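What follows is a set of notes on a single structure, which appears directly below.
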Amino acid sequence: MNIEYGTCPVCNGTGKLPLTDNDKRYSWNKDRTHKECYNCGGQKMYGNGIGQVRLNKNGDPCTHKYTSRTIGRCLTEYRCSECGDRYEIDSGD
């Protein structure tokens, strides 16, 4: 199966988003101006925004709509209903 990709519509391919006023309140964001894009990779464990996303059912770059399901004691799977992208997060509790 060939998976096609397009430019992320959230960050316009940069892989970065400007910090919001809420983000700026946290000490770990001191001296930072941007964060990883949550649509093209920043939402994944140790992820970095890559500026590319899968195409959705209409053939457009996807703005993901993830649903979650628990697949283990501390393991959650997230799957996009629009393009089928998936990832897992191990909370390590």
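Among all residues of region 19-41, there is none that is more than 13 Å from the chain's Cα centre (by Cα), of a type outside the set (D, E, K, R) and under 19 Å from Tyr78 (Cβ atoms). Kindly indicate whether any position in region 48-60 is modelled with pLDDT of 90 or more, on the phi > 0 side of the Ramachandran plot and over 17 Å from the mean Cα position of the chain (by Cα). Checked region 48-60: at least one residue is modelled with pLDDT of 90 or more, on the phi > 0 side of the Ramachandran plot and over 17 Å from the mean Cα position of the chain (by Cα).
Within region 60-71, work out how many residues are without any contact (Cβ under 8 Å) to a residue 12 or more places away in the chain and not charged (D, E, K, R).
Keep residues of region 60-71 that are without any contact (Cβ under 8 Å) to a residue 12 or more places away in the chain, which gives 68-70.
Next cut, not charged (D, E, K, R) only: 68, 70.
Residues flagged as without any contact (Cβ under 8 Å) to a residue 12 or more places away in the chain and not charged (D, E, K, R) within region 60-71 amount to 2.
The values are calculated or read from the model by the stated rules, or taken from the named source; none is laboratory data. Small disclaimer: the values here were computed from a predicted structure and weren't measured. In this analysis, Cβ positions are derived from the backbone assuming ideal geometry, glycine residues included, and neighbour counts consider all displayed protein chains.
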